[in-house]
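One structure below.
Derivation of every value follows stated rules applied to the coordinates shown; laboratory data play no part. Note that the structure is predicted; figures quoted are calculated from it, not measured. We place every Cβ from the backbone using ideal geometry, glycine too, and count neighbours over all the protein chains shown.
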Amino acid sequence: MSEPNLPTNLKSIHLHEEALRKQAIKIIQCNPGLILHVDVIERAMTIANLIREYPTDDEDIRVVQMLSIRIFNAFAASFKLLLSGYHQKSAMIMRDILETVFLMDLFSTDKSAIEEWRNSDKKKRRNFFSPASVRKKLDERDGFNNMKRAKAYEMLSELASHPTMYTQNMLKKEMDGDILTGPFMGNTILRQGLEELAKNAVQAGEIINLFLPQEWDPENIRENFKTLKNNWIKAFYNFN
């Protein structure tokens, strides 16, 4: 089957995206820290796929599997967009990951909330399971009053998800540079994107892992994630 006769401009932008991906891979390959970010992202995605393969008839676990698949797809899309030069759109998907991870975090310690969420209508979801409500419940559960979850969510909202003046910072190679149309690549913005995506990956992998039975690890995936996660934390947070 021959390739569809797409407009020349769309073909050109695709070729540019592919060239940027090659450029991004070269940047990553020359930086051990960026390689570690990519590795922990891949391991978190593997954890998300592992729970999908777990055989179950439990409707609540199936909800967890569905949300894990959502997270897997979001990581894949965000990573692809990042390497293709769409940094703002990549970050927009990171907020989706964060929101889903927070919801699963709530479910991890309140199993009754899974059935409640699964059977809720739009009004109940808005009142009891909105992103703000979920973050509040988690902060109360953990005794947090620093609003770190809200700040992380708000940062991605302001920079990427909502049309604000802060969006311009995602449309530049460097902070003092010009706003660019279409995909582009820069060392700093690529590093920042991979750092944030890896941070989300560590959270996602930890939370998804909580729903897996201890004996379910057919290829030692969970232990590999734990080792890589610990290496990542030591590298970027100076924990011993």
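Using Cα pairs under 8 angstrom and six or more residues apart, how large is the relative contact order of the range 1-121, in percent?
RCO, the range 1-121: 23 percent.
Rounded, prolate or oblate, given the Cα gyration tensor of the range 125-239, with a/c below 1.5 counting as rounded?
In terms of gyration-tensor shape, oblate.
What is the helix-to-structure angle for 59-83, meaning the angle in degrees between its Cα long axis and the longest Cα principal axis of the chain, kept from 0 to 90 and rounded to the nearest 10?
So the inclination is approximately 20 degrees.
Between Ile69, Ile179, Ile189, which gets the highest mean-square fluctuation from a Gaussian network model of the chain, Cα cutoff 10 Å?
The residue with the greatest mean-square fluctuation here is Ile179.
Mind checking the angle between helix 87-109 and the chain's longest principal axis? C-alpha axes, 0 to 90 degrees, to the nearest 10.
Helix 87-109 sits roughly 10 degrees off the main axis of the chain.
Anyone know which of Asn200, Asn119, Asn209 comes out most mobile in the 10 Å Cα GNM of the chain?
Checking each option, the largest mean-square fluctuation is seen for Asn119.
Give, rounded to the nearest 20 debye, the magnitude of the charge dipole that the range 17-237 has about its Cα centre when Lys and Arg contribute +1 at Cβ and Asp and Glu contribute -1 at Cβ.
In debye, rounded to 20, the range 17-237 gives about 540.
Cross-link partners among aspartates and glutamates for Lys234, C-alpha distance below 20 Å, same-chain residues fewer than 8 apart left out?
Asp39, Glu42, Glu195, Glu196, Glu206, Glu223
May I ask which of Lys22/Lys226; Lys137/Lys229; Lys151/Lys173; Lys148/Lys199; Lys122/Lys151; Lys111/Lys151 have a Cα-Cα span longer than 19 Å here?
Beyond 19 Å between Cα atoms: Lys22/Lys226; Lys137/Lys229; Lys151/Lys173; Lys122/Lys151; Lys111/Lys151.
If you take the charge dipole of the chain about its Cα centre, with +1 on Lys and Arg Cβ and -1 on Asp and Glu Cβ, which of Val101, Ile69, Pro7 is farthest toward its positive end?
Checked the options; the winner is Pro7.
Looking at the chain as a GNM with Cα springs under 10 Å, which of Met155, Met165, Met175 has the largest mean-square fluctuation?
Met165
Helix-derived [θ] at 222 nm for the chain: sum -39500 (n - 2.57) over DSSP H runs of at least 4, divide by residue count, nearest 500?
Numbers: 10 runs with 166 residues, N = 240.
So the calculated ellipticity at 222 nm is -23000 deg cm²/dmol.
Once you keep just the Cα pairs under 8 angstrom separated by 6 or more residues, what percentage relative contact order results for the chain? Numbers along the way, then the final one.
On the way: 248 pairs, mean separation 76.0, N = 240.
The value is 32 percent.
Specify which residue in the list Thr188, Ser133, Gln29 is farthest towards the positive end of the charge dipole of the chain, using unit charges on the beta carbon of Lys, Arg (+1) and Asp, Glu (-1), about the Cα centre.
Thr188
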